[in-house]
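Sharing a structure here in structure tokens format.
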Amino acid sequence: MYSEESMGVCKICHHELKTVISFGKMPISNRFVTGLGAEEYVYDLSLGWCPECLMAQLESCVDPAMMFNDAYAYFSSISTTMEDHFREMAEEIAGFVSGRPDPFVIELGCNDGIMLKHIAGRGIPHLGIEPSANVATRAKEQGVQVLGEFFDARTALEIRERQGQADVICGANVMCHIEDINSVFEGVSVLLKPAGVFFFQDPYLPDIIRKTSFDQIYDEHVYYFSGLAVSELARRHGLQLVDMVPKEVHGGSMRYYLRRGVNHSVAEDVAFHLSQEKALNLHVWRGYVSFKEAVDRICSDLKQTLVKIKGKGNRIAAYGATSKSTTLLIYSQIGPDLIDYVSDTTPTKIGKYTPGTHIPVRSHAHFIQDNPPYTLLLAWNHKREILEKEKRYRKKGGKFITFFPEVAIVYPVNQRFLHRERTRE
Ligand code: SAH
Ligand code: TYD
């Protein structure tokens, strides 16, 4: 069992944090390296938990301007699953504002416009807040109105002054990125119409704990939300958590719906999810003490599996130069000696090297032509889409290596069924 007192302080309530796991020095997870000579910026990555307001969070954070700028590597429109997901989100929003006078929709972290382009296409007044200029440009090209700033309480007041309050304020995979979350919630409280709705979704802490999917822990993800922590945060800002809806994306996410005030009717699902979280002991320190042990077991199994495969003279590629794999590769000490290259479809990543580990990023065309016998599935959250897309590779004998909740090799026995070969006794 692991227990280390943390010197970190909760960013929400200022109580002292308890350290769940320390990963050591890490580079910026989305900063792909161009030339191999230059020194990379590093920081100490560790996860802490606040026993007072129950929020799991990074103990020390990276300056947002170093992560979110005109060279931000993550473009949201990278998969058909995400395109479908955000089309549905836009439909839900359009339904919510339909018939309302002067509707106004605000999205925080709209990225390349994957969601708001559908709102813009319906002629609904909207605003995307997006500080990363390169992805914001892509959104604007699709008719999306974008404000190129970091959202906080000050920005909220400025928007209210210029454009009035919003019926919907939403954000996907952005709320967990913003260190000064008190300022964001303050901003939402002043910018939301009294009858408006604020909803956001992020990777769900219980999924991370259950699957040991520790690669979700990296510089951009400052917070690891649970319903327990979100309801407390909302309460502190005069908002109420009224619904929780699980989403499959990003390896297990939760969408939280909040309203202004305190006397709303609350969906039964909220009590259900909160009781599930308590059953996992996420309201007490006991729920966190064995996480490091589970992480270390997966890392050691994965490394041993790759060493064994490589030792037999096999090439091993990886699939998806994800930001989260920075934590996995560095903490497991997996580098170019084991992985020949990472295949990725993002043009701005191809030709560069992974942060810290310096594995070359190659195009998908290269992967198809090379046809490696083994491929480490770093973009495991897109497993269904990728296994479907790579049917031909698998039919030719290509094997995918997965690692959550345990290390396994996936290959087709026939066209319809997947066979899992366990790598652990
Ligand atoms: N919503 C998209 C993008 C997620 S990536 C999706 O789910 O795919 C997170 C995005 O939030 C990045 O584009 C980043 O530039 C943006 N971001 C980071 N801090 C922000 C802040 N304070 N306000 C608004 N956007 C922010
Ligand atoms: P994502 O899983 O969203 O991860 P993170 O938030 O950790 O960066 O990123 C997926 C990455 O995988 C992205 O760089 C694009 C790449 N990718 C492919 O190369 N092929 C694919 O079929 C898919 C779905 C993703």
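The values are calculated or read from the model by the stated rules, or taken from the named source; none is laboratory data. Since the structure is predicted, the reported quantities are computational estimates derived from the model, not experimental observations. Here the Cβ positions follow ideal geometry from the backbone for every residue, glycine too, while neighbour counts run over all protein chains shown. These accessible areas exclude ligands, DNA and RNA; they are computed on the full protein's heavy atoms, side chains included. Shrake-Rupley method; radii C 1.70, N 1.55, O 1.52, S 1.80 Å.
Please determine, in degrees from 0 to 90 and to the nearest 10, the orientation of helix 291-311 with respect to the longest principal axis defined by the Cα atoms of the chain, where the helix direction is its Cα long axis.
In the chain, helix 291-311 runs at an angle near 40 degrees to the longest axis.
Gaussian network model of the chain, Cα springs within a sub-10 Å range: biggest mean-square fluctuation belongs to which of D344, D202, D102?
D102
Going by a ≥ b ≥ c, the root eigenvalues of the Cα gyration tensor, does the range 261-345 fall in the rounded group (a/c under 1.5), the prolate group (a/b larger than b/c) or the oblate group?
Verdict is prolate for the range 261-345.
Moving on to the next point. Ignoring everything except DSSP H segments at least 4 long, calculate the 222 nm mean residue ellipticity for the chain; use -39,500 (n - 2.57) per segment, divide by total residues, nearest 500.
Value at 222 nm, helices only, nearest 500: -9000 deg cm²/dmol.
Separate question: Among 63-76, 184-197, what's the highest-first ranking by average C-beta atoms within 10 angstrom per residue?
184-197, 63-76
So if we plug the beta-carbon distance of K308 and E158 into 1/(1 + (r/R0)^6) with R0 = 60 Å, what FRET efficiency do we get, rounded to 0.05?
Using R0 = 60 Å, I get an efficiency of 0.55.
For N371 and D63, calculate 0.36 nm times their separation in residues minus their Cα-Cα distance, and state this gained length in nm to one decimal.
106.9 nm
Which distance in nm do the two modelled labels at S98 and D337 give, with both placed 7 Å along the Cα-to-Cβ direction?
Modelled inter-label distance: 6.0 nm.
Over the chain, with a Gaussian network built from C-alpha contacts below 10 Å, which listed residue (V262, V146, V20) shows the highest mean-square fluctuation?
Ranking V262, V146, V20 by mean-square fluctuation puts V262 first.
Shifting gears a bit: Just to make sure I understand: if all protein chains stay in place, what is the order of C176, C13 by accessible area at 1.4 Å, largest first?
Greatest to least solvent exposure: C13, C176.
Let me ask something additional. For the range 232-291 and the range 157-187, what is the centre-to-centre distance using only Cα atoms, to the nearest Å?
19 Å
Turning to a different aspect of this structure: For every other residue with a beta carbon closer than 9 angstrom to the beta carbon of G398, add +1 if it is Lys or Arg and -1 if Asp or Glu, then tell me the sum.
Neighbourhood net charge equals +4.
Counting only protein heavy atoms and using a 1.4 Å probe, what share of the accessible area of the range 1-124 belongs to carbon plus sulfur, as a whole percent?
That share works out to 52 percent.
Then there's this: Just name one of T402, Y204, T81: the one whose Cα is farthest towards the positive end of the charge dipole of the chain (beta-carbon charges, Lys/Arg +1, Asp/Glu -1).
Sorting the options by dipole projection puts first T402.
Taking every DSSP beta bridge that has both residues in the chain, what percent is antiparallel when rounded to the nearest 5?
Within the chain, antiparallel bridges account for around 60 percent of the total.
Taking the Cα centre as origin and putting +1 on Lys and Arg beta-carbons and -1 on Asp and Glu beta-carbons, what dipole magnitude results for the chain, to the nearest 20 debye?
1660 debye
Net charge near D219, counting Lys/Arg +1 and Asp/Glu -1 over other residues with Cβ under 13 Å of its Cβ?
Residues near D219 contribute -4 overall.
Mind checking the dipole of the range 29-114: about its Cα centre, +1 per Lys or Arg Cβ, -1 per Asp or Glu Cβ, Debye to the nearest 20?
80 debye
Counting Lys and Arg as +1 and Asp and Glu as -1, what is the net charge of the other residues whose Cβ lies under 12 Å from the Cβ of Q276?
-1
Once the Cα atoms of helix 153-163 and of the chain are each reduced to a long axis, what angle between those two axes, in degrees from 0 to 90 to the nearest 10, is obtained?
Roughly 60 degrees, rounded to the nearest 10.
Kindly express, to the nearest 10 degrees and within the range 0 to 90, the angle between helix 227-236's C-alpha long axis and the longest C-alpha principal axis of the chain.
30 degrees
Against the empirical 2.2 N^0.38 Å scaling, what ratio does the C-alpha Rg of the chain come to?
This ratio for the chain stands at 0.98.
Tell me the per residue accessible area of the chain using a 1.4 Å probe; a whole number in Å² is fine.
42 Å²
Now for a separate question. Any chance you could check the Cα centroid distance between the range 61-88 and the range 191-227 for me, in angstrom?
Each part's Cα centre sits 15 Å from the other's.
Based on the alpha carbon coordinates of the range 1-142, what radius of gyration and maximum Cα-Cα distance (Dmax) apply, in Å?
Both quantities, over Cα of the range 1-142: 19.6, 58 Å.
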